[in-house]
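The values are calculated or read from the model by the stated rules, or taken from the named source; none is laboratory data. Here the structure is a predicted model, which means the values were calculated and not measured. Quick reminder, even Gly has a Cβ in these numbers, built from the backbone with ideal geometry, and neighbours come from all protein chains shown. When the accessible area is computed, the model is the full protein with side chains, heavy atoms only, and any ligands, DNA or RNA have been set aside. Shrake-Rupley method; radii C 1.70, N 1.55, O 1.52, S 1.80 Å.
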Amino acid sequence: MSFLRPKTKIDEGDTVIIFLGVNSMHSIQATPTVVNRKGEEVEHIFQTSFGALKVRSIIGLEYGSQVTLSKGWAYILQPNPQLWTQTLPHRTQIIYTPDISMIIHQLDLRPGSVVVESGTGSGSLSHFLLHAIKPSGHLHTFDFHEARAKQAHDEFQNHGLNDFVCVYNRDVCESGFGTQLEGKVDAVFLDLPAPQLAVPHAVKVFKNQGGRFCSFSPCIEQSQRCCEALKNHGFTEIQSLEILQQENQVKTKSLSLINLDFVKHKKPLNSSPEEKHLPSKDVIKVLTTFQPMTHTGHTGFLTFATLPPFFAR
């Protein structure tokens, strides 16, 4: 099971990452054969932009090995949450690393934390949460869509993570998180169209010492309604953030030098301003940085809050 702990060698059935470049990766199952559309079992051959890979050939290799393709080569890597987020099959719009890093930091997650997540979606955030809280923590993740909940359950099982996660098919806005979780949770994360409807249910699952809350919303109106509900139910330290990633470009720029000596001593006083400031032929190269012409677009608003201990409410 390739997600559970660091491994040395690739076993049959492992999920592996085919790394072709920073912006070109694929996740596949290390199985020697697959079933085609006709229901026939055939050799598992994975096509990449650098040629075909016979998957049977990587079973038994060490993770990190370089393999030769017909038009180049690739590395076979063990998956982690960061690589999985970039290669997972999208069932819904997913949350990416810049937002995820802030979520994990603000929720104060650590090994042993018990976390509630709704909704599960494609499981991008779920894998990061599990990475932060295992081996002694537990994730309870909810999705109202039955097929998505089942797919997520199957993925966690295939990745060897099913001991650390429970998947539920439930609309938490109407039905809540269940009585079995009341008073047992350290942190709650919501990715819902109407998070304010789930806030009253979230209050019930927190431990007596309280905990941290986060909601992800693409629209500021959703965030505003969530903030109002949080305030009405005793939450404090309420704030909304937007995480935007900016990549500065490093370039070498050529600058023409002005020969001040030439201007001062060689040009007559009645010369035109243009002649006095005539640039010399000397050029200097300067390494500098530029802000990008276009900026990363909006992803969503992260609303954070703290539920204080029961005796302080």
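The table that follows gives values for the structure above.
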| item | result |
| --- | --- |
| The one condition in (1) farther than 24 Å from Ile104 by Cα; (2) modelled with pLDDT of 95 or more that Lys204 fails to fulfil | (1) |
| Residue match in the range 176-188 (condition: farther than 30 Å from Leu4 by Cβ and out of contact with any Phe, Trp or Tyr (no Cβ under 6 Å at 6 or more places or on another chain)) | yes |
| Residue list for the range 197-221, filter: under 21 Å from the mean Cα position of the chain (by Cα) and either part of a strand (DSSP E or B) or crowded, with 22+ Cβ neighbours inside 10 Å (or both) | Arg212, Phe213, Cys214, Ser215, Phe216, Ser217 |
| Subset of the range 1-54 that is within 30 Å of Phe164 (Cβ to Cβ) and among the basic types (Lys, Arg) - its residue that is most open to solvent (accessible area, probe 1.4 Å) | Arg5 |
| Candidates Leu61, Leu69, Leu83, Leu53 - the one that is under 16 Å from Phe128 (Cα atoms) and out of contact with any helix residue (DSSP H, G or I) (no Cβ under 6 Å at 6 or more places or on another chain) | Leu83 |
| Tabulated pairs, the range 73-88, first open to solvent by 30 Å² or more (accessible area, probe 1.4 Å), second hydroxyl-bearing (Ser, Thr, Tyr) and outside any strand (DSSP E or B), C-beta under 6 angstrom, 6+ apart or interchain | Gln78/Ser2; Gln78/Tyr63 |
| Failed condition for Gln82, given (1) outside any loop (DSSP other than H, G, I, E, B); (2) farther than 25 Å from His127 by Cα | (2) |
| Subset of the range 108-140 that is open to solvent by less than 20 Å² (accessible area, probe 1.4 Å) and among the hydroxyl-bearing types (Ser, Thr, Tyr) - its residue that is nearest to Ala187 (Cα to Cα) | Ser113 |
| Test: residue in the range 45-59 that is among the aliphatic types (A, V, I, L, M) and assigned to a helix (DSSP H, G or I) | yes |
| Residue match in the range 167-175 (condition: small (Gly, Ala, Ser), open to solvent by less than 40 Å² (accessible area, probe 1.4 Å) and in the same structural domain as Asp108 (by the TED database)) | no |
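Each row is one residue, and each column tells you yes or no for (1) under 30 Å from Ala194 (Cα atoms); (2) modelled with pLDDT of 70 or more.
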| position | (1), (2) |
| --- | --- |
| Glu242 | yes, yes |
| His277 | no, no |
| Val283 | no, yes |
| Gln291 | no, yes |
| Thr296 | yes, no |
| Leu302 | yes, yes |
| Ala305 | yes, yes |
| Pro309 | yes, yes |
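Residues are listed down the side, and each one gets a yes or a no for (1) of a type in the set (Ser, Thr, Tyr); (2) within 26 Å of the chain's Cα centre (by Cα):
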| residue | (1), (2) |
| --- | --- |
| Gly13 | no, yes |
| Phe19 | no, yes |
| Asn23 | no, yes |
| Thr31 | yes, no |
| Thr48 | yes, yes |
| Val67 | no, no |
